[in-house]
Every structure is written in C-alpha cells, then in structure tokens.
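Here is the structure we will look at, set down as structure tokens.
The values are calculated or read from the model by the stated rules, or taken from the named source; none is laboratory data. Quick caveat: nothing in here was measured; it's all calculated off a predicted structure. When we count neighbours, we look across all protein chains shown, and the Cβ atoms used for this are built from the backbone with ideal geometry, even at glycine.
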Amino acid sequence: MNKNLVTEFSTEWIKYSDYTTKRTNGYSDEYIMPAKNAKPIKYTIADVADEMIIDYLNIGKKFEFERFNVKNAILDFAKKYGLIGIISYLPLNTEYTYSDKVYLSGNDIGMLKEWDLIDYLKQFFPFEFKKKFKATKPEKKFPRLHFPSLSISMIQEETTDSDVFWGANPEFSLPFSKYYAEKIDDIGAIANAVYNKFKASYDYDFNTPYQERSFKGFDFFKARNITINAKAGESNFSLQWAFNSLALALDTILLVKICDTNQPLRMCKFCNQFFIAENVRAEYCSPQCRNKANVYKSREKYREGI
Ligand SMILES: [Zn+2]
C-alpha cells in the first residue's frame, strides 16, 4: 500500500488545441474559451499531475502578487490542460442539470448561493448558449409542481460528449463543450484559494507540541463530490477517480501531495518556486539554489563574526 495515489489516476480528460479571450461587451469581465477552430485533445491526468498542480499554484500566487501577469499564465494553463470546470465544481447538488435549481456552497468568486438552472448555465455559456441548449415547454401531462416552467435539454457535441463521459451525467461533459467559457478572474481567484491552502499546510507548525497548537486539523480543505470507480481494463480493475471538474482533480492532487511523505510538494527556500521534492528533507528546488543559499548563509555568519 505504499503506492503514490496520483499514479493511479487513470482518469482521461479533454483540452482544446487553442484558447482565446473574449468579452460579452466592452466593459464586462473577460472570459476564456476554446478558440474558433480548436480541436479537442484527450490526455490522462496522471501523466501531467505534478506539473499541473505546480502551474496551478503559480496562477494562485500570481493572482495575489502579480495580477498583471495572471491572464497569460491562465491562457498557458488552459492550452496545456483545459479550463478548470467551475460550472460543475461549485454546485452542492450533484446532477444539478436534472433539477431546476442549482445550490452553491460559499465560494471564492462571490457567486450567489441559489440559481435557476438556466441563469446558472448562462454564466458559463455567455456567448453561444443556443448552440448548446434547447429550451422546451414541459409536457402538460406532468404536474407543474415538479417541473420548471421551461425545461432545457443539452445539444450533444459528438467529438467530446460521446468520447469521454458517455453514460455519465451531463454535468461531467459540460466543461468540455467548445462553447463553454470561464471568467479569467474566477480561475485566478479559485487557484488563489488553493494556493493559500497549500501555504497554510506548508507553514504549518509541527514544532509546537500538539496539545498547544491552536490549529490541529486540515479539515477546512476538503475535496467535495468525488466518486471513485473500479474501471475494468483488459486484465484487471484500476481506480478511476470520477472528477466532476479539473478544479476538483487539482484539489485532490494537492491533498495527495500535502500528505505524500515520499515526494511532497514544496516551495524552494531560496527562490520560492514550487517543486516536487525527491526526498522528504529536500528544501531547495535545485543544487544551484542550495549552493546560493549556502553562500548567503556563510556570508551572514562571516558578518556576525565581525
Ligand atoms: Zn529554487
């Protein structure tokens, strides 16, 4: 049981070959979405997990300290891994596409906690809603009480929906639509919250005796709504984490990395870059940083000596 759980992520994902930014009108928020002729590309989360979590934390850090740089970082991230799937990450009610209300938890991007389904979907399909959804009047034989006044159905997109999450809830495939868009600031704010949780775990004080610590648990950082499947391969079963969004996959990867005692995620004590440590005691991202840090240390000792 000493295996690194991240290596067992067999979950496949989809990104597009290119992304672009767009505004609904001149002054509104800026969105990011697949570029017009971009093609969906399949990849496996496990193959990129380490690099992806580091890129994500860098976005979270930039959002706080170099806001002017965050747009390019987010575009690069999307080109490497796709959008983070905020539409499915926030709702508390799973299978929300089957109900007429969407309930969100308290969130880092200031969205209301209760939405009518159509209004909620429009937040993430602000440009080409009608290409993805068809509104229909409910059939009269169903009592009104149990039905919204307008029911909506999803228009399938062959290339993505049928490929990856066939048979799953529509909420799994929504973020893979070529019409799906996310606000740049929303991605930045969510990544920033994750960055701050990483920082809190990184700065955690293990030296204070346990009884005297004011903050003992990390239970404020939960990855919600995860399900795990046993996926039948040719000769064995493998774990398939059924993430509803890339944001949830990233939460999970970070939780695994925080608890990993073999190759933990670290911040270099010299240059502050994130890195996956090759052993538990590694404090610097590279021999260069370790050497530079040692030079500084010995200079300081020298000064103290004077
Ligand atoms: Zn370094």
Task: Residue in the stretch 230-252 that is farthest from Asp55 (Cα to Cα), counting only those that are of a type in the set (Ser, Thr, Tyr) and surrounded by 18 or more Cβ atoms within 10 Å (Cβ to Cβ) - done: Ser245
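Could you tell me how many of the residues in the stretch 280-298 are more than 9 Å from the ligand (Cβ to nearest atom) and part of a loop (DSSP other than H, G, I, E, B)?
At the first step, the residues of the stretch 280-298 found to be more than 9 Å from the ligand (Cβ to nearest atom) are 280-283, 287, 291, 294-298.
Now restrict to residues that are part of a loop (DSSP other than H, G, I, E, B): 280-283.
Going through the stretch 280-298 one residue at a time, the tally reaches 4.
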Task: Residue selected from the stretch 253-279 under the condition surrounded by fewer than 16 Cβ atoms within 10 Å (Cβ to Cβ) and over 18 Å from Ala200 (Cα atoms), by the criterion farthest from the ligand (Cβ to nearest atom) - done: Asn262
Open item on the list: If the requirement is being of a type in the set (A, V, I, L, M, F, W, C), away from the ligand (no atom under 16 Å from the Cβ) and touching a strand residue (DSSP E or B) at 6+ places or on another chain (Cβ under 9 Å), which of these qualifies: Ala223, Ala232?
Closed with: Ala232
Task: the stretch 221-250, subset at pLDDT below 80 and not in a strand (DSSP E or B), residue farthest from Lys197 (Cα to Cα) - done: Gly233
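Scan the stretch 72-93 residue by residue and report those that are exposed (fewer than 15 other Cβ atoms within 10 Å of the Cβ) and touching a helix residue (DSSP H, G or I) at 6+ places or on another chain (Cβ under 8 Å). Break it down stepwise before answering.
From the stretch 72-93, those exposed (fewer than 15 other Cβ atoms within 10 Å of the Cβ) are 72, 76, 80, 92-93; that's our starting set.
If the condition is that a residue be exposed (fewer than 15 other Cβ atoms within 10 Å of the Cβ) and touching a helix residue (DSSP H, G or I) at 6+ places or on another chain (Cβ under 8 Å), then Asp76, Lys80 are the ones that fit.
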TODO: Being β-branched (Val, Ile, Thr) and surrounded by fewer than 20 Cβ atoms within 10 Å (Cβ to Cβ) is the filter here, so list the residues in the stretch 26-66 that pass it.
DONE: Ile41, Thr44, Val48, Ile54
- [ ] Would you tally the residues in the stretch 200-220 being touching a helix residue (DSSP H, G or I) at 6+ places or on another chain (Cβ under 7 Å) and at pLDDT 75 or above?
- [x] 1
TODO: Tell me, please, whether a residue that is away from the ligand (no atom under 16 Å from the Cβ), surrounded by 11 or more Cβ atoms within 10 Å (Cβ to Cβ), outside any strand (DSSP E or B) and of a type in the set (D, E, K, R) can be found in the stretch 208-216.
DONE: yes
- [ ] Write out, first by first residue and then by second, each pair whose Cβ atoms fall under 7 Å of each other, whose residues are 6+ apart or on separate chains, and whose first residue, in the stretch 190-207, is assigned by TED's automatic domain parsing to the domain that holds Val70 and among the aliphatic types (A, V, I, L, M) while the second is surrounded by 15 or more Cβ atoms within 10 Å (Cβ to Cβ) and not in a helix (DSSP H, G or I).
- [x] Ile190/Ile84; Ile190/Asp108; Ile190/Ile109; Ala193/Asp108
